[in-house]
Structures are given as C-alpha cells and as structure tokens.
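To keep things clear, I will list the structure first and then write my remarks on it.
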Amino acid sequence: MMRRPMTWKRAAIAAAILLATGAAQAAEDPDAGALMLADQTPTTVEKSSDWRVFVEGAYGGDTVRNQSTGQETRQSNHRLSFDAQLDDTFAPGWRAVLSDRLDVDWPPQSGEQNSINTIREAYLSWQPQSNEIVDFGRINPRYGVATGYNPTDFFRTGAVRSEVSVDPNSLKQNRQGSVMLRGQTLWEGGSLTALYAPKLSKQPDANDFNPDWGATNNQNRVLVALSEKFNDHVNPQFLIYKAQDASTQLGFNLTDLLNDSTVVFVEWSGGHSATLLTQAFDQHGLQRADDNAFRNRLSTGLTYTTANKISLTGELEYNGAGLDQSDWIALGHGSLPVYGLYRNWLQIGQESPTKPALFFYGMWQDALINHLDLSAMERYDAADYSRLTWLEARYHDKHAEYALQWQRYSGKVWSDYGAVPQVTGWDVVARYYF
C-alpha cells in the first residue's frame, strides 16, 4: 500500500484498486480477491460462522408495452429468494466453498416455471504451500477492472440463470460458475493463474434444479492470467484465453491512482472472431457470410471518490463484435425472426448489440443518515441513443436490509433498450440474514 499517511479517501481508493485488479490475492489467502467480490452490497452483518444465509422478498410492478400496438399495461411481480454461502476450512490446507441461490418468481421469468436454482460455486480448494493453491469444482471466475462492461470476463456467457437486478454487481455475483480445475501461484508483487474448464454437455437446460452444465461447460476452455506489481498503485494483469473451435483472445487490465480521489482504469481484449450476429446464426445452425476478423473490445474510464463517501464512475465502452449504427438500424427494420435471434444470443452472452456505449454509476454511502446508501446507474447506447436508468435506495442494519429500486427503459422501437417490453419497473426488497 502507499506509504503516505492513510486518510479515509486514500483507503477507499486503495481498496478499489485491490478489488479491481485482484492484488488481494497476494495476501495469505490466495482467494481473497474473489471472496471480496462475492457480494458488493454494503452490509454490517458480522460473520458468526462459516455459513452466510439470508432470505429475500421483493414486491413490485412493471409497465409493459406491446411493440405491435404501442399499448401499455401494468402488472405486478413478486419474488422470494433463498441464498446460502459456505466457506469452511475443514482441515489444514483444505477448504470447501459452496454458494447457492433459489429464486421463486410470480409471474415466472421464463413464462413456464416460477422457480430457478443457481449453483454459483461448489468447489474444493487445496493449499499445499502458502503460495500455491489448487481448486476443483464449480467456480465463478470474474475478471476485469471496469464496472459496466468487462471485455476480459470470458466466463460470463450462459452464466446468468435468474436476473434479479440490472445492477452489474448483482449480475456478476448471482450467476453460475463453470466446472474447472484452477491452479494459482503467488510471489511478492505478483501471481499466476491457470485454469481448464472441460466440455460436459452440449445444450443448456433451464429446468428448476438442473445444474445446467450445457450453459457453462459446452466447450473446452483454457485461461492463463498473469499479474505483476509495477509500483505502489499500478498492478497490470495480462490474460490469454482459448475456447474450443475459436481463436485465442488476449486480455489486459490496468488501474492507476491519479491522485487521492481518482482511479483511472483500462480493460481490453482482442483476437480474431466473427461478429455477434454471425455467432447468433451459428448457434442456431444457420449459415451467414464469414466475417471473421481481429476485433477489439474496450472499457476505459475513471472513478472519482469524495471525502463524504460519494463514488462516481464514468465508462466508455466499445464492442468490436457488435453492429455499427447503420447495420443495427437496418436489422431493426428487417426480419423480426433474425432480430429476435440476435437479441436472444446477446442475452446469453451478456453482450451489447452495437459497438459504442457509455456507462455511468454513482454511489453515496451513509447518505443523509448512517446505513443508508443511494445508487444510480445509466447505460446509454451511443448507436441508437436508447438508455437504461436504474436507481436504488438501500438501508442496512445488523441483520436486515431494505431497498427501493426503480428502473426505466427508453428509446425508439427496436432500439437496444426501447425494444425491451418493460418500460418502467419498481421493487421493494427486504432481506434478512440468519
């Protein structure tokens, strides 16, 4: 850490860098960085055991638009969730991690079933030496230093089974991991991680309690990540990722502390690939002209933190595999089945349909009163000028949290966010920790 006197602001910025780059893995617990990312929701709940269990209920309403007629209707929605996490060192050098969530929705998200279970993580960890660790099982690796769009988050495709919030922190946390073998070695100022995720099944299975191997392990995949600390506040990470029947992708993450209040970040990945539209065709066994080329993906921006616990993030995003403005507009005015096929693949891959986008995120901890946190998010598609706005007020005490959330999708018909049936939505959420 920095050798200058540690003010609250310096501590907050330094913690942000550790969370973003994974530098916390250089501590005694090699999985510290991953565990710190396990739940970004602020809480004062003290850990009294190896278990962390809570129940959460939500009641809300949506305004839904019929794209054909333009007519808007209102509907209510309800959700009950059970969440359990275990992190237990049961023998010297051995650790068990389990993270599972059950969501029950009315009306059902899928239109047919109202409950879905997500095995986020379930793995064993062996630490033969203080600087070496081997993990095996279902693991949720989260890479990237950006907030809204992570080009190096290679394991996000097919990982979300139940979307309980559009908050990017929730999307990264509440998703299923991939079955893999992972090895890590650490040294002073750096770390090396290598993992292998094998193919286990061909097709996804959205049934309630199915482990859904086909969503996360439908091809053989390999990833290697190297982090090396340059100085007190610069810790870059380099990644190499290879999926079966696809070209190798390179990745890079970097954060830098500009001053006491500002962190700048850059996240990039690049490699030969087809456009997302061609990938969508391939997933359905359809033929389209080969458009394989070297494509870049980028997220860059900065986070500014004030002395009164306000954190503001601005992010410029570029997805080289997305459509440019003219092609995206043409697709919306063309074949509706092709448009729907494309949107379905975007949802699976958690991708944006177009190349350029902007993202803003703000959070005010202990706003107005202690334990009250205010958050706001704006996603803006720079190709079709549509947007998603999300607001949250969350109050937390020792054993419970209460939240009020509101969101709005706006834009022209068949635009990125204007095509979403939901126009506005609100939820009242209550969570209790056992």
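All of the numbers you see were taken from the coordinates with simple rules; none came from a lab. Keep in mind that what you see is a predicted model, and the values were worked out from it rather than measured. Note: ideal-geometry Cβ built from the backbone for every residue, glycine included; neighbour counts use all protein chains shown.
Could you tally the net charge around Gln325, taking each other residue with its Cβ under 13 Å from the Cβ of Gln325, Lys/Arg +1 and Asp/Glu -1?
Details: positive: Lys355, Lys412; negative: Asp324, Asp327, Asp381, Asp384, Asp416.
Result for the neighbourhood of Gln325: -3.
The residues neighbouring Ala96, those whose beta-carbon lies less than 10 Å from its own, together hold a net charge of -2 under the Lys/Arg +1, Asp/Glu -1 convention.
Given DSSP loops and a limit of at most 11 other Cβ atoms within 10 Å, what is the longest stretch of the chain that contains no such GluC sites (Glu not before Pro)? Maximal segment without exposed cleavage sites: 189-434.
Once the C-beta distance of Asn131 and Lys202 is scaled by a Förster radius of 35 Å, the resulting FRET efficiency is 0.35 to the nearest 0.05.
For the range 251-275 versus the range 134-207, the inter-centroid distance based on Cα atoms is 18 Å.
Computed from the C-beta positions of Tyr432 and Ser335 and an R0 of 51 Å, the FRET efficiency is 0.60 to the nearest 0.05.
Charge dipole (Cα centre; +1 on Lys/Arg Cβ, -1 on Asp/Glu Cβ; no other charges) of the chain amounts to roughly 320 debye. Taking 0.36 nm per residue of separation and subtracting the Cα-Cα distance, full extension of the segment from Thr185 to Ala96 would add 30.1 nm.
Assuming charge only on the beta carbon of Lys and Arg (+1) and of Asp and Glu (-1), the dipole of the range 257-391 about its Cα centre is about 120 debye to the nearest 20. Distance between the pseudo-spin-label points of Phe294 and Asp397 (7 Å out from Cα toward the beta carbon): 5.9 nm. From the largest down, the range 213-303 spans 53, 23, 23 angstrom on the principal axes of its Cα atoms.
May I ask you to order 83-90, 150-157 by the average number of other C-beta atoms within 10 Å around their residues, highest value first?
150-157, 83-90
Note on Ser326 and Asn308: the model spin-label points, each 7 Å out from Cα along the C-beta direction, lie 5.0 nm apart. On the basis of the beta-carbon distance and an R0 of 35 Å, Ile369 and Asn344 show a calculated FRET efficiency of 0.20.
At 7 Å along Cα-to-Cβ for each site, give me the label-to-label distance between Asp282 and Ser49 in nm. Output for this residue pair reads 4.8 nm.
Near Gly189, within a Cβ-to-Cβ distance under 10 Å, what is the net charge of the other residues, with Lys and Arg +1 and Asp and Glu -1? Provide the component values of the computation, followed by the final result.
Details: positive: Lys229; negative: Glu188, Glu228.
Residues close to Gly189 contribute a combined charge of -1.
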